[in-house]
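Undergrad: Next up is a structure, given as structure tokens.
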Amino acid sequence: MTEPLLRLSGLTKAYPGVVANRDVSFDIARGEVHALLGENGAGKSTLVKTIYGLVKPDHGTMMLAGQPFAPADPHAARTAGVAMVFQHFSLFDAMNVAENIALGMENPPPQRAIAAQVRRVSDQYGLPLDPTRIVGELSAGERQRVEIIRCLLQDPKLLIMDEPTSVLTPQEVAILFETLRKLRAEGTAILYISHKLEEIRALCDTATVLRLGAVVGTCDPRVTSARDMAELMVGAVLQAPQKADRRAGDVVLTLQNLSARAPHRFGTALMDICLDVRKGEVLGIGGVAGNGQDELVAALSGELRTKAGMITYQGRQIGQMSPNARRRIGLLAAPEERMGHAAAPDMSLTENAVMTAMTRQALTSYGFVHWARARAFAQGVISTFDVRTPGPGTAARSLSGGNLQKFVIGREIMQNPDVLVVNQPTWGVDASAAAAIRQALLDLAAKGAAVICISQDLDELMEISDRFAALNEGRLSVPRPAKGLSVEEIGLMLGGAHDMEVARNGREAKGARDAQKSGVSHVDG
Amino acid sequence: MDLSAINPILLLASLMVAATPIMLAAIGELVVERAGVLNLGVEGMMITGAVCGFVVAVNTGSPWLGFLGAAVGGALLSLIFGVLTQVLLSNQVATGLALTLFGLGLSALMGQGYIGVRAPGFTDLHIPLLADIPVIGPIVFQHDPMVYVGLGIVAAVWAFLTYSRAGLILRAVGENHEAAHALGYHVVRVRLLAIMFGGGCAGLGGAYLSLVRVPQWTEGMTAGAGWIALAIVVFASWRPWRLLLGAYLFGGVTVLQLNLQAAGVAVPVEYLSMSPYLATIAVLVIMRTGRAPGSLAQSFHASR
């Protein structure tokens, strides 16, 4: 075997109180798609930042193509042939595509030359993109193309991709994989970070699994099952959520032509949303972020008021009611953003519990807070939902994402809602906490409450929903039974990919998707 | 009252002079804000520039050295702000306000021996040929050199931000400092340089008051010009040519209302005095389309 493109030996990086990487060693070969797997906090980000020159390791060395490689900053890494597509896009909204690309290049040519190069590369790899458009107006998939093209213009030897598919529709994922396979065929190595195991099985040649900063295993994802990889990541046996048998009851919540204007400039208007939600069901609402999810949650929770008749709850018109009035009658919501929306970061868990639970749990009287009762309630949430924290006096900020999410979801569930609206309940939460949250939502539905779960994670929605609807540009599709929906049908419900006409028609996209699912590598001519 | 006493040519000519100090301070602050920093200390840097420029010009006899001294003084004062906010991560709003108070006090201290002294002035340029054009000549081409230096700075800033790579990086740092850092740009270094440029320009604007407009040193002589400069930056949507328009509009209405007062118009003086502020804000609010740089006034720390 020839020498590897990149060899990591004994990389260690410690931050105060935590070792992010512990003696990490592995090789990446030329023309290989190498997956890096791990839970949140396993040290994946620190590792790729080390390779990209953003973090300096405490110990350990790297060799790139046989030469010692210790980039002082990203400029040095790019010069050496390492390019990176970031998880949270490193783009500048107010600038156009060509300017964004110039910022990511060493010695960029003049703007006009960049525009020509962008057109050439986007034709070559089937990534349609107009260099003069303002990035702030692009869809998530298009924004990612900007990042990818920025990398490709530098002919990288190694392309690092950090969770590239988390914001893409299935069709956009198919196009991305197509591009990555072309790159692989040209000899580019790709380091692919994801926790979507099925994608890794479809795309990657090798997988390295990190847990608590150390390499715990290497496997061939084409022959290893997703379940085995997940258990390697978590280090424990995973419990799949148990769906109890239950029957949908009466209609409890009705949305009748719910419309609302976008609350701010980059928001989405809601348009004519009609929906019946029944007791005891989990209704999954899918869609790429920014299609009206936040606005729909706001309209349901009462943050965004609508005409009274647009929302009917147990026979009452509640569109104009305030959040607390809705809580009193049993309609609760947990918004997406944990820090700053669902919880006040610098306040204690007890104080955070009071903020939504004071009405239903009678935590106040005559305007005064019953702190003992509030503490007991917060303690109840902590013990019931296994929130790992020293106690209810801890500041919300100091909890990890998964633990705080368990707390804010648990806080609503413990109030025995009749309808619970959750947005992205497991976003950025590790696998075991996510499983616990999903199980709690299913248990709540089994007790007869209606659950509306809004999420970008289609696997999650398929796992827990009874019915599935898609939100696209502020419009909601007609809900369909989740059982038996194919990925292709879901993709079409989500409005398909953006600007697909250049790349392919629907059937080809389906072909690519099927090829991925069966794990067959599919190189387009 | 006698409106015929107002000479329109003189009026338009003095407009350019009246607008220059605000324009200089505002163009500096525009660069600072495009880099993502909100420095509310413009007033303090202006008055420090005014006194530094005055002291240097009186002692050397050269107005040019005076302006140079003013720019250095403003830049040094702004460097205090830069170190506090960029290195020590203090709050930009509070630090900027403190800088204004500090600048006012410091300038009063430095200028104690200079009250009532007269500074060496510029002689107005008389640009050959152009200055002899009827009407336009006296309005545009017969001013002191700093008027043209100011216009040159506005044009240079516009070209820098629009066409140069360094300008692109500066805008990137202001738009999204996390992303700029991830791409390997030095956010703090870019911002410190921008802050010093802003301080230098504010110093020039202040010195224009003490060396050309008045031309004397009195305590608190900037009288809120720094705040107007700050407002113009925002209302001009962070664009250089709009900023020029806003400054000229403000200067124009200021000069006009002084002329109207002199002509004895039957409107209370208080209304006339507030008219430049109202007119500038009204026009720029109506024209306003832009949006603030994405990272404006946020502290940046690389470890986050």
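Undergrad: Which lysines have a Cα lying under 27 Å from the Cα of A:LYS196, excluding residues fewer than 8 positions away in the same chain?
TA: Cα-Cα hits under 27 Å: A:LYS13, A:LYS44, A:LYS49, A:LYS157, A:LYS182, A:LYS243, A:LYS406, A:LYS483, A:LYS510, A:LYS517.
Undergrad: Note the angle between two axes, namely the Cα long axis of helix A:111-124 and the longest principal axis of the Cα atoms of chain A, as a number of degrees from 0 to 90, rounded to the nearest 10.
TA: Once rounded, one gets 80 degrees.
Undergrad: Rounded, prolate or oblate, given the Cα gyration tensor of the range A:106-153, with a/c below 1.5 counting as rounded?
TA: In terms of gyration-tensor shape, prolate.
Undergrad: Now for a different question. Can you list, largest first and rounded to whole Å, the semi-axes you get for the range A:6-234 by taking the square root of 5 times each eigenvalue of its Cα gyration tensor?
TA: Result for the range A:6-234: semi-axes of 29, 20, 16 Å.
Undergrad: Oh, and also: Which value in nm describes the separation of the simple spin-label points at A:VAL223 and A:THR132, placed 7 Å from the Cα toward the beta carbon?
TA: About 5.4 nm separates the two model spin labels.
Undergrad: Give me the mean projected area, in nm² to one decimal, of the convex hull enclosing the Cα positions of the range A:275-382.
TA: Projected over every direction and averaged, the Cα hull of the range A:275-382 covers 8.3 nm².
Undergrad: For B:173-186, what's the mean count of beta carbons from other chains sitting within 10 Å of each residue's beta carbon? Let's see the in-between values first.
TA: Numbers: counts 2, 2, 10, 7, 0, 3, 10, 3, 3, 10, 15, 14, 4, 1.
Other-chain Cβ atoms within 10 Å of each residue's Cβ, averaged: 6.
Undergrad: Over chain A, calculate the relative contact order: mean separation of alpha carbon pairs under 8 Å at least 6 apart, over the residue count, as a percent. Could the numbers behind the result be given before it?
TA: Numbers: 1067 pairs, mean separation 83.4, N = 525.
Relative contact order of chain A: 16 percent.
Undergrad: Here's something else I'd like to know. Can you compute the helix-only [θ] at 222 nm over the protein assembly as shown? Use -39500 (n - 2.57) per DSSP H run of at least 4 residues, normalise by all residues, nearest 500 deg cm²/dmol.
TA: -14500 deg cm²/dmol
Undergrad: Please work out the Cα center distance from the range A:325-356 to the range B:1-58, rounded to the nearest Å.
TA: If we compute the Cα centre of each part, the gap is 50 Å.
Undergrad: Write down, largest first, the equivalent ellipsoid semi-axes of chain B in whole Å, where each equals the square root of 5 times an eigenvalue of the alpha-carbon gyration tensor. Walk me through the numbers before you get to the answer.
TA: On the way: eigenvalues 212, 98, 70 Å².
Square roots of five times the eigenvalues give 33, 22, 19 Å.
Undergrad: Where a Cα-Cα gap under 12 Å defines reach, which aspartates and glutamates qualify for A:LYS56, not counting those fewer than 8 residues away within the same chain?
TA: Excluding near neighbours in sequence, the set is A:ASP73.
Undergrad: Choose one answer from B:VAL51, B:VAL285, B:VAL233: the residue with the largest mean-square fluctuation in a GNM of chain B with alpha-carbon springs under 10 Å.
TA: With Cα springs under 10 Å in chain B, the top fluctuation among B:VAL51, B:VAL285, B:VAL233 is at B:VAL285.
Undergrad: Also: Can you figure out the FRET efficiency of A:ALA113 with A:THR61, using R₀ = 35 Å and their beta-carbon distance, to the nearest 0.05?
TA: 0.40
Undergrad: Could you give the length gained by full extension between A:GLN314 and A:ALA76, i.e. 0.36 nm per residue of separation minus their alpha carbon distance, to one decimal place?
TA: Values: separation 238, 0.36 × 238 = 85.68 nm, distance 6.26 nm.
Contour length minus Cα-Cα distance gives 79.4 nm.
Undergrad: With the dipole of the range A:276-378 worked out from charges on the C-beta (+1 for Lys and Arg, -1 for Asp and Glu) around the Cα centre, which of A:GLY292, A:GLN314, A:ASN324 lies farthest toward the positive end?
TA: Of A:GLY292, A:GLN314, A:ASN324, it is A:GLN314.
Undergrad: Relative contact order of the range A:6-234, please, whole-number percent, based on alpha carbon pairs below 8 angstrom and at least 6 residues apart. Each step should come with its number before you reach the end.
TA: Working: 442 pairs, mean separation 66.4, N = 229.
Averaging sequence separation for qualifying contacts and normalising by length gives 29 percent for the range A:6-234.
Undergrad: Also: Could you check what % of the DSSP bridge pairs in the protein assembly as shown are antiparallel, to the nearest 5?
TA: DSSP beta bridges in the protein assembly as shown are roughly 50 percent antiparallel.
Undergrad: Using the Kirkwood formula over every pair of different C-alpha atoms, what hydrodynamic radius in Å results for the protein assembly as shown? Let's see the in-between values first.
TA: Numbers: mean 1/r = 0.0328 Å⁻¹.
Result for the protein assembly as shown stands at 30.5 Å.
Undergrad: In addition: Only Cα pairs within less than 10 Å get springs; with that Gaussian network setup on chain B, which residue of B:LEU97, B:LEU40, B:LEU211 has the largest fluctuation?
TA: Greatest mean-square fluctuation among the candidates belongs to B:LEU97.
Undergrad: Then there is this: In whole Å, how far is the Cα centre of the range A:442-497 from that of the range B:191-264?
TA: The range A:442-497 and the range B:191-264 have Cα centres separated by 58 Å.
Undergrad: Sort out for me the Cα centre separation of the range B:101-131 from the range A:49-87, rounded to whole Å.
TA: One Cα centre to the other: 54 Å.
Undergrad: Okay, next question. Given R₀ = 30 Å, what would the calculated FRET efficiency be for B:LEU129 paired with B:MET287, taking r from the Cβ atoms and rounding to 0.05?
TA: 0.30
Undergrad: Helix by helix through chain B, keep the DSSP H runs that span 24 Å or more along the axis on Cα and average at least 0.5 on Kyte-Doolittle, and give those back in order.
TA: B:8-34, B:42-60, B:63-82, B:92-110, B:145-163, B:187-208, B:240-263, B:269-287
Undergrad: If you build the convex hull over the alpha carbons only and average its shadow over all orientations, what do you get for the range A:29-112? Give it in nm² to one decimal.
TA: Approximately 7.5 nm², given one-decimal rounding.
Undergrad: At a threshold of 8 angstrom on Cα-Cα distance, excluding pairs fewer than six apart, so keeping six or more, what relative contact order does the range B:57-160 reach in percent?
TA: 23 percent
Rule-based calculations on the coordinates, nothing more; no lab input. Because the structure is a prediction, the values reported are computed rather than measured. Quick reminder, even Gly has a Cβ in these numbers, built from the backbone with ideal geometry, and neighbours come from all protein chains shown.
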